[in-house]
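The values are calculated or read from the model by the stated rules, or taken from the named source; none is laboratory data. What you are looking at is a predicted structure, and each value in this text was computed from that prediction instead of being measured. Cβ sites come from the backbone with ideal geometry, for glycine too, and all protein chains shown count toward neighbours. The area values use the complete protein model at the heavy-atom level, side chains included, leaving out ligands, DNA and RNA. Shrake-Rupley method; radii C 1.70, N 1.55, O 1.52, S 1.80 Å.
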Amino acid sequence: MNTPLPFERPVYVSRPALPPLTDYIRRLESIWASNILTNMGPMHEMLELAVGERIGSGRVSLWNNGMSALIAAVSSLQLERRKIAVTPFTFPATVHAISLLGLEPVFVDIDDTLTLDPVKLEEAVDSEVGAVMGTHVYGRFCDTAAIDAIARRNDLRVIYDGAHIFGRSAPVIGGEPHRLGDITMLSFHATKLFHSVEGGALITADQDVDRRLRLIRNFGIVNENDVKGLGLNGKMSEVHAAMGLSMLDLIDAEIDQRLAVANRYLEALEGIPGIRVVSGADGIVQYFVLRVDAEEFGSTRDDLHTTLRSLNVISRKYFSPLCSDFEPYNELPSAKHLPVARKAAQEVIALPLYGGLSLEDADRIADIVRWHQKGGVL
Ligand SMILES: Cc1ncc(COP(=O)(O)O)c(C=O)c1O
């Protein structure tokens, strides 16, 4: 195999899909005509309805981003117990949402699915733990049935960080209520399969929780004369909601294109020793993620990452380091022994995946992985 040529321009791990500008401008014209820019205007209301229809269950509230939505979710549960069991294999936002509210995260190890291990969860629950937060990593659901059973036995509330799930898998929520937990968060950040530039949503089947969330979203304001409880400004603006509406028209085409790229990767990576595809191959196309078994592959994930980057392929180590290793958390007793998560964090690497990535470029990227495995040195 010849030494691969570097890509002329960086190929990032994801690239936002964008609607035709004319379509977005049409929606902006309607905003200009209404003169309503925020505070749950017509675009906001339309998107909230449309997202709800796609999900098919629960009550949906839109938020200005996933992180503020998560903070509101934790706050809305009004927990008396001060600890929340949480996965370390996630984005910092999940754990920060606990700590920013003065609660304490208790890290629980994951299993081979890269989501919370229900057995370890049950072991970690004591009288101080009042809730659990799991992340549907790369869009693959936690074992929500097992977590639901543990929550019932131990009187826990359940929040899911579903930042990655909105796509074709989201409607599945409709059929199985335990999939939602008490609240599920979605992120509509520009790096996600579906986006509103910045944005997010919360889904809950509980009418009281939904009511509280809507109060928190708007400073706790009940009416002109009354504020109830603490709140923040979590509102999605009209220009963001307009982008979300335009993107909803594109989401299925984006999924199809990503599936084609993911399938091409699968073919092109076939037979490379030490490589296991853990996401992107099963219709879930938020990320295309490999696990690298250093012994079998003959090289570490980090070396592969360096090679890819040297050739302008901007792979990402999602999620590495573990959240439990970051400075705010690494002194916690629960941060010390997380062997399954630690191994995963050493092995995962996300390759570029987005609708606009050509099949030829997917082949080139896979060729770099193969060339590196065969001992190629730059
Ligand atoms: C798992 C996870 N949780 C939370 C977030 C935060 O969402 P947002 O960027 O919308 O605040 C992200 C990414 O952005 C994420 O990947």
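Computed values, structure above
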item	result
Loop trypsin sites (Lys or Arg not before Pro), the stretch 296-378, which have at most 14 other Cβ atoms in a 10 Å radius of their Cβ (DSSP)	K336, K374
Largest-first ellipsoid semi-axes for the chain, taking √(5λ) over the Cα gyration tensor eigenvalues, angstrom	35, 28, 16
Candidates per GluC sites (Glu not before Pro) in the stretch 294-378, loop by DSSP, up to 13 other Cβ within 10 Å	E331
Label-point separation, E270 to D155 (7 Å along Cα→Cβ), nm	5.6 nm
Principal-axis tilt of helix 359-373 within the chain, Cα atoms, nearest 10 degrees	60 degrees
Unit charges on C-beta of K, R, D, E only; dipole of the chain, Debye	400 debye
Simple label model, 7 Å out from Cα along Cβ direction - A294 to N263, nm	3.6 nm
Contour excess over end-to-end distance, with Cα ends at R9 and S127 and 0.36 nm allotted per residue	37.1 nm
Portion, in percent, of the accessible area of the chain that falls on carbon or sulfur, probe 1.4 Å	52 percent
Chymotrypsin sites (Phe, Trp or Tyr not before Pro) within the stretch 195-291, DSSP loop, no more than 15 other Cβ atoms inside 10 Å	F219
Calculated SAXS-style log₁₀ I(q)/I(0) at q = 0.20 Å⁻¹ - the stretch 74-232, Debye, Cα scatterers	-1.39
Additional length obtainable on full extension of the chain from R211 to A50, 0.36 nm per residue less Cα span	56.0 nm
For I216, solvent-accessible area (1.4 Å; no DNA, RNA or ligand), Å²	20 Å²
Whole-number accessible area per residue in Å² for the chain, which is evaluated in the context of all protein chains at 1.4 Å	43 Å²
Nearest-0.05 FRET efficiency for D256 and N330, computed from C-beta distance (R0 41 Å)	0.45
Spacing of the two label points (7 Å from each Cα toward its C-beta) at D112 and K343, in nm	1.0 nm
Prolate/oblate/rounded call for the stretch 212-324, Cα gyration tensor, a/c under 1.5 rounded	prolate
Rel. contact order, % - alpha carbon contacts under 8 angstrom, at least six apart, the stretch 21-248	28 percent
Full-stretch length increase - T22, F219 - with 0.36 nm per residue and alpha-carbon distance subtracted	67.4 nm
Highest average packing first - 134-147, 50-63, Cβ atoms within 10 Å	134-147, 50-63
Computed E for L101/L359 - FRET, C-beta separation, R0 45 angstrom, nearest 0.05	0.50
The stretch 317-334-the stretch 117-187 distance, computed between alpha-carbon centres (Å)	20 Å
Rounded to 5, the percent of DSSP beta bridges in the chain classed as antiparallel	55 percent
Summed residue charge, Cβ within 11 Å of S76's Cβ, Lys/Arg positive, Asp/Glu negative	+1
